[in-house]
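Okay, structure first, notes after.
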Amino acid sequence: MEIVSSIASKVFELSVEPTVRQIKYVFNYSDNIHNLEEEVEKLTDKKQRVEHAVEEVKRNPVEEVEADVQRWLTKVNNVIEDAGKILLRHEDKAKKRCFMGLCPNLIRRHQISRKASKALPIVVGAREEGNFEKVSYRITPQGIGAVKGFEFFESRTLAADEIMNALKDADVNLIGVYGMGGVGKTTLVKQIAAQVREYGIFKLVVMATVTHNPDLKTVQQQIADWLDYKFDVESVEVRAARLSERIKREEKILIILDDIWAAIKLEEVGIPYGPDHKGSKILMTSRNQSVLLEMGVQRYVLLEVLQHQEAWNLFEKIVGDLKDSNLRPIAIEVAERCAGLPILIVPVATGLKNKQMFEWNDALEELKKFDGKGDEARVYSALELSYNFLRDEERSLFRLLGQLAPHVVVISDLLKYSMGLGLFNQRTTLKATRDRLLKVISDLKMSCLLLEGDNHEQVKMHDVVHSFAASIASKHHHVFTAAYQTELEEWPNKDFFEQCTSISLPYCYIPELPEVLECPKLNSFFMFDIFSRKIPENLFSRMEELKVLDLTGMHLSPLPLSLQYLENLQTLCLDGCVLEDISAIGDLKQLQVLSFIQSTIVRLPSEVSKLTRLRLLDLSRCRKLEVIPPDVLSRLAQLEELYMGDGLCNGRVRDMMNQETMLNCQN
């Protein structure tokens, strides 16, 4: 009897259960289709979110999309396509019925439901596979590219050969290049960097700019960026030890330290060399040979000014064909007064290209004024000539650049300042203003008065050009600019401040801030502080015309009461500031730009909704920001761009804003 029962059970399992399962496909048709539609929608949303993140990565030159993310996107496209075919058959089925259209086609219903049921776990699985913590990884920079337009003059070739021989010498690990400012030291070592990687002499080349007031943390960070190494400590000593260990992992590495004004101890930076790490060599540049000798350089190369014929060849190449034969002797005189310095030859020749005879004569007379007055005066005269060839917008931006740190200028900062100062007031939208700014930056680069930055978001100036820009701003426009990272020993007198149009204190040590600065004509005030200093309550009370205020790195808890007097303020940057109650910002009704990058802001005050003229709001990397009150962002009717980094710009935030306001949200 048990055998019969067992056989009957097996027969039921093999014949009846499959039949029931097939019947279920028919009866569960609507559920299977509905579930598939829901999961396809969820998968499509997940795919779009990942695609948005991938698009952001593609705009970042130092990030690369992970291979599994790329494979997932390809797979998801196929999964969605296959599911879409099933759902399309469902839509067609609704139009095709049997028995003269009176009842469903059960066979077709069974087929579609069965395929939908089998597709469902595939769609769900694909969605779950897309839970990526990160979609990209940071690329380790492979080295410094060849310098665009580098000229292999004989004097430069000889110097380059000396450096290359020293780099190949196993007994030499510290090499120095010295010469006067503007002679081309940085250009030469960058060209060397490209060559040694091309020839396989070094696997990796890194570069850091030291400057005349070296900050060891900054130098450490520059080197670490090339190595894709992240510091998690603030102590200079600990950072040096960890950086040294990281460098030792590189079998063959060239470290370039550019623009050294005073001797620094390499071990304090964290740069191993000699017996400590035979695989590393250090190439340094300085204006002073004694600095290199103090640092123990074993080989040093003097880079002199271009020889007479070399200087003329470079000048002639840039100026092009001189159609009027009478111009040639004038051009030769002009080139001679550039003192063989590429930093002068290039911008002067660029400015005079395609100019008429009277303009060449006038330029020569201007340069002659400084004959016999020394190299510094001659440099000034040549740069002033190039400056005079600029258009008004280019001059304004050039003078603004002279007030900022020369080696790293962030283009987005320039946009914020330009907006506040109205440098491009004829542009009616933020996008148009940015486009104009980029055009003027491009023109300054073409004039050889501005250099490419370390990435597409930055620009920088040669320190010789920067000194001239600061001098022009001070001499003709009553601008007070303290040297970068220096100690401000004393403030200008009262008469100067009464005429002053701009004050710039870029990361300066300021023993004490005055209680009030009486600057009735001041348009811009830049104070970047590495000490998070507190500001006196009445400091801004006599700056009624102020349009741009940048207080990066300051301690502003609470905000100074005198901010309320800044009725004409257009741009306010509180990046990296210690902030608590900032509701007083709501009184600054003329604000167009408000920036809190990497500040300690926890709550965006509801008073921000009063800033009805606001066009740009930057909340990037505000990791403590927790609350954005409802209706604050949606009331900013003029807002064109909103920046919220680290994933803050999500659906919850978007729901707070109407469609007109949410124009540009970027991480």
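The values are calculated or read from the model by the stated rules, or taken from the named source; none is laboratory data. If you're wondering where the values come from, they're calculated on a predicted model, not measured in any experiment. Virtual Cβ from ideal backbone geometry, glycine too; neighbours counted across all protein chains shown.
With respect to PHE370, is the statement that it is assigned to a helix (DSSP H, G or I) and aromatic (Phe, Trp, Tyr) true?
No.
Only one of GLU251, GLU234, GLU198 is acidic (Asp, Glu), within 30 Å of LEU449 (Cα to Cα), over 21 Å from the mean Cα position of the chain (by Cα) and not assigned by TED's automatic domain parsing to the domain that holds TYR484; which?
The conditions single out GLU198.
I'm trying to understand the selection: among the residues of the range 307-355, which are over 18 Å from PHE153 (Cβ atoms), surrounded by fewer than 19 Cβ atoms within 10 Å (Cβ to Cβ) and touching a residue at least 40 places away in the same chain (Cβ under 8 Å)?
THR350
Let me confirm something: among ALA405, ALA311, ALA382, which residue is at pLDDT below 85, of a type in the set (A, V, I, L, M) and within 39 Å of the chain's Cα centre (by Cα)?
The unique qualifying residue is ALA405.
Only one of (1) of a type outside the set (Lys, Arg); (2) crowded, with 20+ Cβ neighbours inside 10 Å; (3) over 28 Å from LEU569 (Cα atoms) fails for ASP454. Which number is that?
(2)
Just give me the residues in the range 165-183 being assigned to a helix (DSSP H, G or I) and either touching a Leu at 6+ places or on another chain (Cβ under 8 Å) or crowded, with 16+ Cβ neighbours inside 10 Å (or both), in sequence order.
Scanning the range 165-183 gives ALA166, LEU167.
Within the range 497-531, how many residues turn out to be closer than 11 Å to GLU545 by Cβ and loosely packed, with under 15 Cβ neighbours inside 10 Å?
1
For the structure I just gave you, tell me whether ILE201 is under 19 Å from THR157 (Cβ atoms), of a type outside the set (Lys, Arg) and assigned to a loop (DSSP other than H, G, I, E, B).
When the stated conditions are applied, ILE201 passes them.
Say whether the condition of being at pLDDT below 65 and either in a helix (DSSP H, G or I) or under 20 Å from THR44 (Cβ atoms) (or both) is met by at least one residue in the range 93-112.
The answer is yes; a qualifying residue exists.
Looking at the range 184-237 only, could you name the residues that are among the hydrophobic types (A, V, I, L, M, F, W, C), closer than 16 Å to LYS265 by Cβ and surrounded by fewer than 17 Cβ atoms within 10 Å (Cβ to Cβ)?
Selection gives VAL236 alone.
Among the candidates GLU544, GLU537, which residue alone is farther than 22 Å from HIS477 by Cα and either more than 30 Å from the chain's Cα centre (by Cα) or not in a loop (DSSP other than H, G, I, E, B) (or both)?
Within the list GLU544, GLU537, the selection yields GLU537.
For SER504, indicate whether it is assigned to a helix (DSSP H, G or I), within 21 Å of ASP215 (Cβ to Cβ), at pLDDT 85 or above and not basic (Lys, Arg).
Spelling it out, it is not the case that SER504 is assigned to a helix (DSSP H, G or I), within 21 Å of ASP215 (Cβ to Cβ), at pLDDT 85 or above and not basic (Lys, Arg).
If you go through the range 422-466 one residue at a time, how many are without any contact (Cβ under 8 Å) to a residue 24 or more places away in the chain, under 30 Å from PRO520 (Cβ atoms) and in a helix (DSSP H, G or I)?
Within the range 422-466, residues that are without any contact (Cβ under 8 Å) to a residue 24 or more places away in the chain, under 30 Å from PRO520 (Cβ atoms) and in a helix (DSSP H, G or I) number 1.
Residues checked against (1) within 28 Å of VAL219 (Cα to Cα); (2) assigned to a loop (DSSP other than H, G, I, E, B); (3) out of contact with any Gly (no Cβ under 8 Å at 6 or more places or on another chain); (4) of a type in the set (Asp, Glu):
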residue: ALA263; (1), (2), (3), (4): yes, yes, yes, no
residue: MET284; (1), (2), (3), (4): yes, no, no, no
residue: LYS317; (1), (2), (3), (4): no, no, yes, no
residue: ALA339; (1), (2), (3), (4): no, yes, yes, no
residue: PRO347; (1), (2), (3), (4): no, no, yes, no
residue: THR350; (1), (2), (3), (4): no, no, yes, no
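Give the residues of the range 402-421 that are under 21 Å from LEU614 (Cβ atoms) and part of a strand (DSSP E or B), sorted by residue number.
Selection gives VAL410 alone.
Here are some residues: GLU316, GLU310, GLU245, GLU267. Which one is touching a Ser or Thr at 6+ places or on another chain (Cβ under 7 Å) and of a type in the set (Asp, Glu)?
GLU310
So how many residues does the range 275-303 have that are surrounded by 14 or more Cβ atoms within 10 Å (Cβ to Cβ) and either within 20 Å of ASP375 (Cβ to Cβ) or of a type in the set (Gly, Ala, Ser) (or both)?
So the count comes out to 10.
So VAL305 fits all but one of (1) over 26 Å from PHE468 (Cβ atoms); (2) assigned to a loop (DSSP other than H, G, I, E, B); (3) among the β-branched types (Val, Ile, Thr); what number is the exception?
(1)
Given the criteria in contact with a Leu (Cβ under 7 Å, 6 or more places away or on another chain) and either in contact (Cβ under 8 Å) with a residue 24 or more places away in the chain or not polar (S, T, N, Q) (or both), does GLU393 qualify?
Spelling it out, GLU393 is indeed in contact with a Leu (Cβ under 7 Å, 6 or more places away or on another chain) and either in contact (Cβ under 8 Å) with a residue 24 or more places away in the chain or not polar (S, T, N, Q) (or both).
If I ask for residues that are of a type outside the set (Gly, Ala, Ser), out of contact with any Pro (no Cβ under 7 Å at 6 or more places or on another chain) and either at positive phi or in contact (Cβ under 8 Å) with a residue 24 or more places away in the chain (or both), which ones from the range 573-583 would you list?
CYS573, LEU574, ASP575, CYS577, VAL578
Every residue, every condition in (1) basic (Lys, Arg); (2) modelled with pLDDT of 90 or more; (3) closer than 16 Å to GLN592 by Cα, yes or no:
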{"residue": "ASP618", "(1), (2), (3)": "no, yes, yes"}
{"residue": "ALA637", "(1), (2), (3)": "no, yes, yes"}
{"residue": "ASP646", "(1), (2), (3)": "no, no, no"}
{"residue": "ARG652", "(1), (2), (3)": "yes, no, no"}
{"residue": "MET656", "(1), (2), (3)": "no, no, no"}
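Keeping to the range 396-421, report how many residues are in contact (Cβ under 8 Å) with a residue 60 or more places away in the chain, farther than 22 Å from TYR643 by Cβ and not hydrophobic (A, V, I, L, M, F, W, C).
Number of matching residues: 5.
Only one of (1) in contact with a strand residue (DSSP E or B) (Cβ under 8 Å, 6 or more places away or on another chain); (2) in a loop (DSSP other than H, G, I, E, B); (3) over 19 Å from SER609 (Cα atoms) is not met by GLY576, so which one is it?
If we test GLY576 against (1) in contact with a strand residue (DSSP E or B) (Cβ under 8 Å, 6 or more places away or on another chain); (2) in a loop (DSSP other than H, G, I, E, B); (3) over 19 Å from SER609 (Cα atoms), just (1) comes out false.
Only one residue in SER599, SER583 is over 22 Å from LEU430 (Cα atoms) and crowded, with 22+ Cβ neighbours inside 10 Å. Which one?
Checking each option against the conditions leaves just SER599.
Of the numbered conditions (1) under 60 Å from the mean Cα position of the chain (by Cα); (2) small (Gly, Ala, Ser); (3) modelled with pLDDT under 75, ALA67 fails exactly one; give the number of that condition.
It is condition (3) that ALA67 fails.
Any chance you could count how many residues in the range 511-530 are assigned to a loop (DSSP other than H, G, I, E, B) and among the hydrophobic types (A, V, I, L, M, F, W, C)?
Going through the range 511-530 one residue at a time, the tally reaches 6.
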